[in-house]
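Every number here is computed from the coordinates shown, using simple stated rules; none is lab data. As the structure is a computational prediction, the values presented were derived from the model and not from experiment. Here the Cβ positions follow ideal geometry from the backbone for every residue, glycine too, while neighbour counts run over all protein chains shown.
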């Protein structure tokens, strides 16, 4: 029997391959060169790998095709998300370097795991088959479970790692059951379908509405699985714990990266593949969105720990992105992309400041430790102010523009009341961001620090870059929104 | 060979999945929790295989291999994390793990 070997072109996953290859090389180099005092070559190599993946992702910009027998999509949407993720990865690597050197815990594995996580997240953006979504989800989740527990001496870090792991695999099982039900309902798990085989929607149209109940049940389970990753209520329980226990640079990376990766898969699944069934999934997603916005904003108010506060804020932000997803029009999708990119950079900047301020062992993270910060370290306090204002959505920052775009998209589809809920919860959220500002500017410092942790050059650079991006995108948002819109133009192709 | 109706397999898978969910919710030992999660994954595998037979295409059976491999990778990472904690605390009870709250 002649064996028909399908043509394999790896260009579709070139950014991911570049990252995985670099990560493996990095681990080998670290093992060969062994313990040295200054291992500058590790972050340098990681940066080169991330730079290569940006290059490959830019190469793919402007094409729309399915690769690897319809398993991955190569389109503007995927390229946009991949480039954004690589930028997040770069910031994380630089920030992590300073942090690890300070904590005397630098290991080659850190950079390797960050690269693997970025690769998995990138695959989420390009996945055109549910089983690839599953593989990508597990790839970046497994890397993150370990990264969360990276402060090995800290019990807190280990606890959060275990909680994140147990709840994460629990939710994965539901996600997988969702895939099984999709397969049972339509006999295929492909998001697009085409010459290589049937897709979910085309099979569904062909067989008629006989299995629509099973498909809707499956949809719900898939939303549970992905909702867990983007920290949507009621699947958010892990978020504050994991955020608090993880090393601060990793927390920033989780907030920025797993959010955009999870939403990339949700956007492709709901707004493209299941678009014909939008009247069926919308009520469910609207419920999740409203709950997420309200619970995230309200519970953040009572937090005393800055990392937990930012965790609840990240939950609320997931809710805001959902409004763009629910709109399911071009503006909604491009708005969500813009939102996720700007939010990611801002939140990475905020956690960079937290990482510097947290001091040895990453422990000074309560609001009390921030008292009178402005008089002590005006530049850091100023940068944190900027990031918090952007997260609150104050004009002249990127956060304001982002909220405007997603709420605008929701109003365009007639969901004006959803936008109203968003604005009210934004107002509640502004309260706790202001609370931090009050503590920083208007309260006296209690005790003098025994030792003052200096911000390393890389951390300073990351904070500066993030602050610059927050301001610039708040004033000249046009170009990035343009790019995000062009990313959605060839989004539906396939 | 007599033909067992696919509904039986699905019922069995549903039972396994439910036992898994209940186990995760009521048991307190991290390793036992993890075993119940594995049970859920295997229930899903059974669903895949059953649907593959009902639909008459091989995709579902292929998917099972992916799930098996990922589950194995998950065990490696998961047991390492649980071991790390158990060594420090001499217990794998999740109720002892409560430094983090609210």
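Structure notes:
- Relative contact order, percent, chain A [alpha-carbon distance under 8 Å, six or more residues apart]: 16
- Residue mean of other protein chain beta carbons inside 10 Å, A:110-123: 0
- For the residues of A:163-169, the average number of beta carbons from a partner chain within 10 Å of their own beta carbon is 6.
- Cα pair count fraction exceeding 25 Å, expressed as % - region A:240-343: 22
- Here the gap between residue A:29 and residue A:420, fully extended at 0.36 nm per residue and compared with their Cα-Cα distance, gives a gain of 135.4 nm.
- Each residue in A:50, A:25 was given a count of other beta-carbon atoms within 10 angstrom of its own, and listing them fewest first yields A:25, A:50.
- Estimated distance in nm for a label pair at residue A:59 and residue A:364, the labels positioned 7 Å out from Cα along Cα-to-Cβ: 4.7
- Relative counts (whole %) of C-alpha pair distances in chain A, using bins that are 20 Å wide: 25, 58, 16, 1, 0
- Peptide A:134-141 - average C-beta neighbours from other chains (10 Å radius): 3
- Taking label positions 7 Å along the Cα-Cβ direction at both residue A:302 and residue A:10, the computed distance is 5.3 nm, reported to one decimal.
- Dividing the mean sequence gap of close Cα pairs (under 8 Å, 6+ apart) by how many residues region A:135-175 holds gives a relative contact order of 30 percent.
- Residue B:76-residue B:57 pseudo-label distance in nm [points 7 Å out on the Cα-to-Cβ vector]: 3.2
- Cα gyration tensor category, rounded, prolate or oblate, for region A:1-149 with a/c compared to 1.5: prolate
- Measuring r between the beta carbons of residue A:280 and residue A:438 and using R0 = 41 Å, the FRET efficiency lands at 0.35.
- Computed helical MRE - 222 nm, the protein assembly as shown, DSSP H runs ≥ 4 contributing -39500 (n - 2.57), nearest 500: -24500 deg cm²/dmol
- Over region A:279-356, relative contact order from alpha-carbon pairs under 8 Å, at least 6 apart, %: 27
- Amide N proximity, region B:35-73 versus residue B:3 label position 7 Å along Cα-to-Cβ, cut-off under 14 Å: B:53-56
- Between the C-alpha center of region A:247-264 and that of region B:8-65 there is a gap of 29 Å.
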